Amino acid sequence: MKLVVALGGNALLRRGQALTAENQLENIRRAAAQLTRVVASNDLVLTHGNGPQVGLLALQSAACASGGASGAGAGEAYPLDVLGAQTDGMIGYLLEQELANLLPATRTITTLLTRVEVDPHDPAFEHPTKPIGPVYTQAESQRIGAARHWAMAPDGTGFRRVVASPQPLRVFGLAAIRWLLERGVLVIAAGGGGIPVARGRDGQGHELSALHGIEAVIDKDLCSGLLARELQADCLVIATDVKAVSIDWGKASERAVGKVTPQALMRQSFPAGTMGPKVEAACRFVLATGHRAVIGSLDQLEAMIAGSAGTQVCTAAAGGAESL
């Protein structure tokens, strides 16, 4: 099978863990151990989140710009597209190395920096929802948000910075990804939802052909879904830190969803910055291709692909799907 497997940022750095290199490496080794179980019999494109990592780099960049980290004096903080590219290199390197340590030497692994086009006028720029960086208490979030002029929002029991998350329109480099897959390469691409770029306009408002980076973090799951559709993948796997999609999450009536049609799942409401994009990406993929998508825990990756774990999103023709 041709698989697109999307590793969530929280699957690579568990909730509540410190943003240290040691913790990230430990979790990436855990992810690599799960991935190697399914690599031999499948063509694989691996994507990954970068929310915790890009948020940390943004904090460091802001501190350096103000002279608070190095004493070097005030300057410009690096934009999110550049910081996103940095996380692609960092996480891609760690994934490559740990996978290579477990796979036969004959299996080539390649990381691609992937630009993804967005609309500079996407409404998401007016309503940031994508959580990045560490989790704060409410008091900490109020203090840091005011000091940095950052938008903050609840995330679980804490608060995180939220940034614009525009819809991905076009993934660049598809020909290279297809070429590598045809030659048996395990491809790591579209890390962190890809590097956001947009078309420019001149002073008269005319569209220009030149692309430029833009201040945003594209949702990894929505980009992975687009990539899976473009590659005509047989299955989209969204691996996160929960076992399945839950209805009434956090309430006494909470229940996990097993096999479900996209139509039934889309009638439910899910948080915009967390489970919502995962559900949207899975449903879009199934509706566009007729193939299966699954959302669940990285620790159950084999069972998810086999169809016996996680939330299996499939057409009604597959049978056994819940109506919710």
Rg in Å to one decimal, and Dmax rounded to a whole Å, for region 1-53 via C-alpha atoms: 12.0, 36
Charge dipole (region 100-236, unit charges on Cβ, about Cα centre) - positive-most of Ala233, Gly156, Val185: Val185
Amide H contacts of Ala6 (H built 1.01 Å from N, under 5 Å, at least 5 apart or other chain): Thr47, Val237, Ile238, Ala239
Extreme residue, positive dipole direction of region 260-322, given options Ala309, Ala281, Gly296 (C-beta unit charges): Ala281
Spatial separation of Cα centroids for region 100-120 and region 209-238, in angstrom: 14
Region 244-324 - charge dipole about Cα centre, Lys and Arg +1 at Cβ, Asp and Glu -1, debye rounded to 20: 200
Interatomic Cα distance distribution for region 126-196, bins of 10 angstrom, percent: 18, 33, 21, 18, 9, 0
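Calculated from DSSP H runs of 4 or more alone, at -39500 (n - 2.57) each and per residue, what is the 222 nm mean residue ellipticity of the chain, nearest 500? Walk me through the numbers before you get to the answer.
Working: 10 runs with 118 residues, N = 324.
Mean residue ellipticity, 222 nm, calculated: -11500 deg cm²/dmol.
Scale the Cα Rg of region 170-324 by the rule-of-thumb value 2.2 N^0.38 Å and send over the ratio, two decimals.
On the way: Rg = 17.6 Å, N = 155, 2.2 N^0.38 = 15.0 Å.
So region 170-324 has a normalised radius of gyration of 1.18.
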Gyration tensor over alpha-carbon atoms, the chain, equivalent ellipsoid semi-axes in Å: 30, 23, 21
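Relative to the Cα centre, what is the charge dipole magnitude of the chain, using +1 at the beta carbon of each Lys and Arg, -1 at the beta carbon of each Asp and Glu, and rounding to the nearest 20 debye?
About 500 debye.
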Given charges at Cβ of Lys, Arg, Asp, Glu: the chain dipole, positive-most of Leu112, Phe125, Leu25: Leu25
Rounded to the nearest 20 debye, dipole of region 119-238 from Cβ charges on Lys, Arg, Asp, Glu: 260
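Starting with the highest mean, order 153-159, 245-251, 183-189 by the number of other Cβ atoms within 10 Å, averaged over the residues of each peptide.
Numbers: 153-159: 16.4, 245-251: 14.6, 183-189: 19.4.
Final packing ranking: 183-189, 153-159, 245-251.
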The chain - share of DSSP beta bridges that are antiparallel (%, nearest 5): 40
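Give me the net charge for the shell around Gln232: Cβ to Cβ below 10 angstrom, other residues only, Lys and Arg +1, Asp and Glu -1. Please report the intermediate quantities before stating the final value.
Working: positive: Lys2, Arg178, Arg229; negative: Glu230, Asp234.
Cβ neighbours under 10 Å give a net charge of +1.
Each reported figure results from applying straightforward, stated rules to the coordinates on display, with no laboratory input. Given the structure is predicted, the values throughout are model-derived calculations rather than measurements. Note that each Cβ is placed from the backbone with ideal geometry, even for glycine, and that neighbours are counted across all protein chains shown.
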